Structure formats: C-alpha cells, structure tokens
Amino acid sequence: MRRRDGRQTRVAAHGFIMSLIVQKYGGSSVADLELIRGVARKAIAAKNEGHRVVVVLSAMKGETDRLIRLARTASPDPAPRELDSILSTGEQISCALFALCCQTMGEKVKSFLGFQAGITTVGPHSKARIGNIDPSRITTELAKGRLVAVAGFQGLDRNGDITTLGRGGSDTTAVALAIAMSADMCEIYTDVDGIYTTDPNVCSNARRMDRICYEEMLELSSLGAKVMEIRSVELAMNHGIPIHVRHAHSPRKGTLICREDPSMERTPVRGVTHSMNEARITLLRVKDEPGVAARILQVAAKAEIVVDVIVQNKSTEGEMRTDLSFTVPAQEFPRTMELMQGLAGELQAEGVVGDDEIAKVSIVGVGMRNHAGVASKMFQALASEGINISMITTSEIKISCIIEKKYAELAVRALHDAFELSKAPEGETVSAGWDPRRRKTPAGKAPPRRPARGPGLRQTRWRIPPPSVPVSVPLPHPSSSVRPLAPGTPK
Ligand code: ADP
Ligand code: ASP
Ligand code: MG
C-alpha cells in the first residue's frame, strides 16, 4: 500500500498499519542471560503488536572494559586495528545470544554484525563515524516476518577492516539505522527510566523529564551525561527523529527527546551534569602577542587532541606576558603535557603546569536565552558550599565551571537544589500514558498525513552528512524536511 506521502506502508493481517521500530538495549540491560531473555520477550511483544522490529544490542555490561584490559595485557599499546577487532566481539556475542533466546521462544530472527547490516564507516579506528548504511539485508529479513538483531558500536571501513564508533556507540548505531530505514520510532532502553534533571545515581531527588529537546540533550551529553551518546543525539536532531529513552525492564513510559517547544523555555535551567574526565594545562607567562594562542592550539590539533575550555587573561600594563590555560580529556593529559613542555621553549614560556584533579559541572537549559541572573545564582550556589571556581565557560544554553574533582558531586547536588529542579515546572507534565509507538490506525482510514522527508532520507542507500560541527557549538535547527513527532506525542 502506497501512502499519500509516497512511503510504502505495510498492513498486517489484522488490518493495522505496521510501524518500524528500532530498539536499542544497553550493556546493563543485557548483563546476563536472564536479562537477555527479558529483552527478547520485550522485542517479540513489540513484533506481536504488529510492528516491524530491529533490535540493536550493546555488549554485556563490563565486557568492553574487560576486552580493553585483555588487549592491554597482551600489549601495553595495542594496535588500533586489532583493538577494534577485539572490542567488536562484545556486541557480536550479545547479539547472537539475543537471537538464540528469541529462537528458543519460537521466534523467527536473524542477527547481523555491523558490516552484515550494511554499516560502513569513515574516520579512525576506535572513533569511526558511520558514513553509509545499506539496510537491504535487514529489509529483506523484515519482509520475511523476522525480527532483526544488529550488533551495535561497529562497522567496516573502506579497507574492509572492522571499526568501532567510540564508547556508547551503540546509541549511534540505533539512531543511524532508524534514520536510514525511515523508522517511526527509535527507542533507547537503558538502566534508568528516562532522562533526569541530573544523574539519578548522584542526586537522589533528580526528577525524570517527560520531554527534553535535542539542543538540551546535546549539551548534557557533551558535558558528561553518558545516558545518551553525543553523536546519536546530533544525528537525531539533524534528521528530526524522535528518541524515546526508557527502562529496559519496566513498561513505564520514559523521556521523549524531541524538538523544542515554548514550554521548555519557561525555566532557565533544566538539567545539571558533571564530567570527571578533565585535565587542565597552563602555559605560564607566555608572550601576550598575536599568534601565540594559535600556535599552542595548532600543536594540540595536529595531535588530534580536543581542547575544551580556554582561558587567557589580558597581560597587566607593561608586562606583555600572561598565562594561558586550557582543558583536555583526562586520557590526553600526559600526551598534552609532553607536547606543551616541548613548546614552552619555543614560546619562551616560564613553564608548564598541569592538574588532572579537576571536574566540570554544568547547568543546561534553553530558557537561559531569556532569563537573567542564571550565572550569578550558579556561582552563589557553589560559593555557599565553599567550592572555588577556576575556569568558566558559557554558551547560549549552558554554563560550565571547572572546580576541584573532590567537590563534583556536591556541586551537582547544590546546583540541583539551587535551581529547584526536583519540582516539576508548571505546564511541563505531559498527560499520562502517551506512547509514541501507538501509531496503529485501522486499515481503510488514512493515517495522519506526514510531510515528505528530504530526499536523502528516502534513499535505500543512505549517506549521513559529513560530521561534524564541534559539538559545543549550537547546531542549526533541523530543516523543514524534518518530520514531525509521531501522532499522539505531546506538542
Ligand atoms: P547503557 O548501558 O544502557 O548504554 P549508560 O550507562 O551508558 O547505559 O547510561 C545510563 C546511565 O547514565 C545511568 O545509569 C545514569 O547513571 C547515567 N546518567 C547520567 N546523567 C543522566 C541523566 N541526566 N539522566 C539519566 N541518566 C543519567
Ligand atoms: N559496548 C560499547 C561500550 O561499552 C558500546 C555501547 O555500549 O554502546 O562503550
Ligand atoms: Mg550507553
């Protein structure tokens, strides 16, 4: 049956329109066989409701870390190509185990590794990006009435080598597949029942949000909230695909990541997050003249080190020398120190000092654009706990402070309290019981019309636009080709 918007729609025997759902289950949701059986039951139930279901699986909890340790035991500096081959086996195992569990429950299922699912990547090992997806094998299996399982976090590069997508990369596999296959919904199942105002494992009165917009989720992810991997959010935002984050072993509705709506701007701050993965490097008393900062950052860029917060003060009158500090991910600390020590002589700096006992705490909210006094409230909340701020950085919808690592969780709780995030703002609560999957429409009655999508999204072979604007820069709004939320989702 061809719909008015040109898309092909399937009608099940019972006369309901079938939607295509991509479900992703994270490591903690598939940590042992019993949990994998539970996940299998959940996927089968969705299929029995009349949907076509593609399931993306992460490695069993702790497995990727175990494989990294194993590789490092074999070689202190494992070759990236071999390391990726090893790491990809985590998802290979969970995916095949899922298929076996489904089969023992009498379900027709086929599992695919990343390359078998047509996922090709670009970029370096261990942080490759999905460049192209040819989902034809998946489509064929779905058409035969099978459930399809895909190993997350991996693909094949142009040399035919296995690559991995970076930690948390199964989220990206799921979102990319959902886009490539024009899925109706992408569901991310995890060990929490949605996106909270802050990490619920750090702050016991964190509140689950019904909805969060892409921009806010993007900031939270980039600033340390690992619940969603950042590139998956970026992709979903650029293609306007809604994501439903929910608990793997609970029927409760979760949080919808979707486009911004005016109610989200009513409160200035909607989330707090922190990152312990930070280190600061300071070049002491470098010359305050054109080209010095550029030279320092060129050296970091050439080594593919991502620099985050940068602070340089104006030199005092007559001095013409100043300190320049910047932060890098903690794992890059030793390498960056070495590079900067090499550069210090060339720049006639007085020395280089570093500190990896730091953390970054951030507040995020689209409402910051039109509320005054947010920064002072944040600094006051930290001050009242005796927490000193050593660096500050802001964007339109976030403020981040670098503080001592030992105070990070205290700072999160103080900020959560100061901005009263445990209280649901008026008008934010969404009518109970919405379910983005409930798109079934009796056959014969036309489903609500959806605007045609951009041409790229209708292709069977599909290319993700080249990445990527630096993630801390607010990304452009999704274009008009973006689809609306599924009918029934709150506006
Ligand atoms: P998975 O294994 O399913 O991929 P992750 O461990 O990657 O799950 O992400 C889930 C975790 O993210 C939660 O257990 C929680 O501790 C953490 N988290 C951090 N910030 C948030 C937040 N704002 N809302 C919900 N969870 C968060
Ligand atoms: N197994 C990988 C990791 O632990 C990918 C994922 O779980 O998303 O990072
Ligand atoms: Mg994850």
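Please work out if residue 52 is within 15 Å of residue 149 (Cα to Cα), surrounded by fewer than 18 Cβ atoms within 10 Å (Cβ to Cβ) and either at pLDDT below 95 or of a type outside the set (A, V, I, L, M, F, W, C) (or both). Break it down stepwise before answering.
Details: within 15 Å of residue 149 (Cα to Cα): yes; surrounded by fewer than 18 Cβ atoms within 10 Å (Cβ to Cβ): no; either at pLDDT below 95 or of a type outside the set (A, V, I, L, M, F, W, C) (or both): yes.
Considered against the rule, which asks whether it is within 15 Å of residue 149 (Cα to Cα), surrounded by fewer than 18 Cβ atoms within 10 Å (Cβ to Cβ) and either at pLDDT below 95 or of a type outside the set (A, V, I, L, M, F, W, C) (or both), residue 52 comes out as no.
Just checking, does the stretch 156-176 include any residue being at pLDDT 95 or above, farther than 30 Å from residue 224 by Cβ and either touching a Ser or Thr at 6+ places or on another chain (Cβ under 6 Å) or within 13 Å of ligand 2 (Cβ to nearest atom) (or both)? So far as the stretch 156-176 goes, yes, one or more of its residues are at pLDDT 95 or above, farther than 30 Å from residue 224 by Cβ and either touching a Ser or Thr at 6+ places or on another chain (Cβ under 6 Å) or within 13 Å of ligand 2 (Cβ to nearest atom) (or both). Can you report the number of residues in the stretch 259-303 which are in contact (Cβ under 8 Å) with a residue 60 or more places away in the chain, part of a loop (DSSP other than H, G, I, E, B) and of a type outside the set (Lys, Arg)? Residues flagged as in contact (Cβ under 8 Å) with a residue 60 or more places away in the chain, part of a loop (DSSP other than H, G, I, E, B) and of a type outside the set (Lys, Arg) within the stretch 259-303 amount to 5.
This table checks each residue for (1) away from ligand 1 (no atom under 14 Å from the Cβ); (2) more than 16 Å from the chain's Cα centre (by Cα).
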| position | (1), (2) |
| --- | --- |
| 231 | no, no |
| 237 | yes, no |
| 246 | no, no |
| 250 | no, yes |
| 256 | no, no |
| 262 | yes, yes |
| 265 | yes, yes |
| 269 | no, yes |
| 274 | no, no |
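If the condition is being closer than 14 Å to residue 277 by Cβ and crowded, with 18+ Cβ neighbours inside 10 Å, then the stretch 326-357 contributes 327, 328, 332, 333, 336, 356. Taking (1) in contact (Cβ under 8 Å) with a residue 60 or more places away in the chain; (2) buried (at least 22 other Cβ atoms within 10 Å of the Cβ) in turn, residue 60 satisfies each apart from (1). Scanning the stretch 182-213 for residues that are among the hydroxyl-bearing types (Ser, Thr, Tyr) and either touching a strand residue (DSSP E or B) at 6+ places or on another chain (Cβ under 6 Å) or part of a loop (DSSP other than H, G, I, E, B) (or both) returns 182, 189, 196, 197, 198, 204. Between 106, 26, the distinction of being farther than 24 Å from residue 229 by Cβ and either within 24 Å of the chain's Cα centre (by Cα) or of a type in the set (Gly, Ala, Ser) (or both) belongs to 106 only.
Condition first: of a type in the set (S, T, N, Q), outside any helix (DSSP H, G or I) and either closer than 30 Å to residue 146 by Cβ or away from ligand 2 (no atom under 16 Å from the Cβ) (or both). Can you find one or more residues in the stretch 69-81 that meet it? Yes, there is a match, as at least one residue in the stretch 69-81 is of a type in the set (S, T, N, Q), outside any helix (DSSP H, G or I) and either closer than 30 Å to residue 146 by Cβ or away from ligand 2 (no atom under 16 Å from the Cβ) (or both).
Residues that are under 19 Å from residue 54 (Cα atoms) and among the hydroxyl-bearing types (Ser, Thr, Tyr) were ranked within the stretch 154-197; the one that is farthest from ligand 1 (Cβ to nearest atom) is 182. Are any of the residues in the stretch 237-244 within 16 Å of ligand 3 (Cβ to nearest atom), surrounded by 24 or more Cβ atoms within 10 Å (Cβ to Cβ) and under 17 Å from residue 364 (Cα atoms)? Looking for residues that are within 16 Å of ligand 3 (Cβ to nearest atom), surrounded by 24 or more Cβ atoms within 10 Å (Cβ to Cβ) and under 17 Å from residue 364 (Cα atoms), one finds none in the stretch 237-244, hence no. Scanning the stretch 130-160 for residues that are crowded, with 17+ Cβ neighbours inside 10 Å and among the charged types (D, E, K, R), we see that the one that is farthest from residue 98 (Cα to Cα) is 157.
The values are calculated or read from the model by the stated rules, or taken from the named source; none is laboratory data. Only a predicted model underlies this, so the values are computations on that prediction, with no experimental measurement involved. Quick reminder, even Gly has a Cβ in these numbers, built from the backbone with ideal geometry, and neighbours come from all protein chains shown.
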